[in-house]
Amino acid sequence: MTPRSLAALIAAPALLVLLPLAAAAAETAMPPCDSDAVVGRIANRFNWAERNTFHKGVTIDTVDQRRESRLDVAGPSVIDKRYCRGQATMSDGSKKRVYYVIETGGTLTGCGWNVFWCVDGHDPYHVNDGWCRVVRPQ
């Protein structure tokens, strides 16, 4: 057995341990503001809330002009945040500003990402403190 093959034999179990960790790290990568997965999640949740709670008769058709407002990483919080905004075209043709924050590290396992959002004028219970302040950078 050569020294090189011996090193490979010793390293193989370590690689098996590290592969799941690398997969988890890739899963926790924070998506950008223009990610279709992020905007899709916002539209699905808003449209569900409209059908089951708001009952205003207006849903999100598309979200355009998506851009980052601020990025908070490696700060005092262990939760990294990307603040974003875009323009939602509603099913009635109106245009509404949508604010959203993408977070990583805040889930139960610390893996993955989540998005919290607010559509201007569509927060009847003021969950986002009116004018969407909770999901906007301060």
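A few notes on this one:
- Within the option set GLY130, GLY93, GLY121, GLY86, being within 23 Å of ASN47 (Cα to Cα) and either of a type in the set (Asp, Glu) or in a strand (DSSP E or B) (or both) holds for one residue only, GLY86.
- Test result for ASP61, exposed (fewer than 15 other Cβ atoms within 10 Å of the Cβ), modelled with pLDDT of 95 or more and not in a helix (DSSP H, G or I): yes
Per-residue answers, yes or no, for (1) surrounded by 14 or more Cβ atoms within 10 Å (Cβ to Cβ); (2) under 14 Å from the mean Cα position of the chain (by Cα); (3) without any contact (Cβ under 8 Å) to a residue 24 or more places away in the chain:
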residue: ARG41; (1), (2), (3): yes, yes, no
residue: THR53; (1), (2), (3): no, no, yes
residue: ASP80; (1), (2), (3): yes, yes, no
residue: ASP92; (1), (2), (3): no, no, no
residue: PHE116; (1), (2), (3): yes, yes, yes
residue: ASP120; (1), (2), (3): yes, no, no
residue: CYS132; (1), (2), (3): yes, no, no
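The values are calculated or read from the model by the stated rules, or taken from the named source; none is laboratory data. Note that the coordinates shown come from a computational prediction; the quantities given were computed from them, not determined experimentally. A quick note on method: Cβ atoms are made from the backbone with ideal geometry, for glycine too, and the neighbour counts reach across all protein chains shown.
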